[in-house]
1. So which trypsin sites (Lys or Arg not before Pro) in region 1-93 end up in coil per DSSP with only 10 or fewer other C-beta atoms within 10 Å?
2. State the answer as a single residue: which of THR45, ALA222, PRO32 lies farthest towards the positive end of the charge dipole of the chain, with beta carbon charges of +1 for Lys and Arg and -1 for Asp and Glu, about the Cα centre.
3. If the elastic network links every pair of Cα atoms under 10 Å, which of ALA253, ALA222, ALA78 fluctuates the most in the Gaussian network model of the chain?
4. Straight-line reach from LYS130: which lysines have Cα under 23 Å away, leaving out those fewer than 8 places along the same chain?
5. From the residues GLY69, VAL176, GLN206, which one has its Cα farthest along the dipole of region 3-215 in the positive direction, the dipole being from +1 and -1 charges on Cβ of Lys/Arg and Asp/Glu about the Cα centre?
6. In which sequence would TYR14, TYR261, TYR53 go, from the one with the fewest C-beta neighbours within 10 Å to the one with the most?
7. For the chain, what is the charge dipole size about the Cα centre, in debye to the nearest 20, if Lys and Arg each add +1 at the Cβ and Asp and Glu each add -1 at the Cβ?
8. At a temperature of 25 °C and a viscosity of 0.890 mPa s, determine how fast region 3-215 diffuses translationally according to Stokes-Einstein, using the Kirkwood radius over alpha-carbon pairs as Rh; express D in µm²/s, rounded to the nearest whole number.
Amino acid sequence: MSSIIEVNNLVKEYGRKRALDNVSFTLNAGSPIALVGPNGAGKTTLFSTLCGYLNADAGNVQILGHKPGSAALFGRLAALPQDAQLDPRFSVSNQLRLYGQLQGLDAKAAERETHRVLELVDLKDCYHAKPHELSHGMRKRICIAQTLLSKPEIVLLDEATAGLDPVNAREIRNLVKRLQSETTFILSSHDLVELDDLCDQVLHLQHGKLTAVDRIQEAELATLTVKLKESGTSSHIALLKTLQGVEEVTVNASGALLIEYRSGQQVDIDVLRLCRDQGWRYKSLVNGKTLEDELFG
């Protein structure tokens with residue numbers, strides 16, 4: 001599989017502060033990719049460098065075989081910054097047509113694309129609307145529609161669901177899932193549960209360094225995450241360890257039980273039976289670790 005993004009020894013500095021410190025990774029097309037890290041870790045700087053908004057001080061970046069910001073990437077790479085805004089003076093359709101034409105589409109093609117992307121985000125009735133007539137969540141979905149003009153191969157979304165109500169956040173997640181076979185999404189978010197649901201791979205930045213490039217839920221031992229109504233205790237652990245195939249049981253920071261067992265074994269039914277026999281009330285039972293546990297466990 002050919003790579004879509006190659007980053008080698010990338011360095012970006014602001015004065016004496018090194019925002020990106022010899023970052024290297026290679027990404028292939030496919031399932032959404034999570035970019036995570038605390039505030040100030042370098043996530044926005046990395047996004048801005050990939051898009052060509054910032055020039056690297058050292059290292060090399062190739063996007064679909066081209067340098068960031070190259071004309072060859074117009075219509076192939078799109079990004080939505082966290083603070084992106086619509087122009088309050090113009091209707092939704094006028095803005096989308098304009099952005100389409102800036103990508104090189106003629107007027108008719110830009111019009112077709114405007115209708116197509118509004119249909120994708122389920123806001124075709126907002127064609128004539130101006131931004132002030134829309135909710136915050138609807139405006140965010142229009143901004144995402146803008147990134148989908150010309151069917152880009154790569155879309156970078158920075159905190160796309162931050163501050164949204166559950167309905168609009170779900171609409172965006174569902175959109176990413178629907179389009180992931182034709183577009184590779186790179187998602188930055190502090191919502192690890194959301195990223196866990198969407199992404200198969202994670203890039204973890206810490207103080208400008210890339211500390212992990214992992215496939216989520218890959219391990220020699222399989223894992224079940226069980227969340228009970230109450231936090232896990234030593235009594236829960238002791239009983240779970242008696243099940244055939246279970247190697248280790250721990251409790252994570254949120255009180256969920258992480259059950260590690262030998263790959264090939266099926267312990268989920270045994271866990272459910274134990275919950276029933278012991279009268280444990282469980283909220284969820286999920287195959288694999290949560291993204292939070294993969295990174296920080």
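FYI, it's all coordinate maths here, none of it is from the lab. Predicted model, so just to flag it, every value in this text is computed and none were measured. Neighbour counts run over all protein chains shown; Cβ positions are idealised from the backbone, glycine included.
1. Those that pass, being in a loop and sparsely packed, are ARG16, ARG89.
2. THR45
3. Of ALA253, ALA222, ALA78, the most mobile in the Gaussian network model is ALA253.
4. Partners found: LYS108, LYS140.
5. Of the listed residues, the answer is GLY69.
6. By the 10 Å Cβ count, ascending: TYR14, TYR53, TYR261.
7. Using Cβ point charges on Lys, Arg, Asp and Glu, the chain gives about 580 debye.
8. This corresponds to a translational diffusion coefficient of 139 µm²/s.
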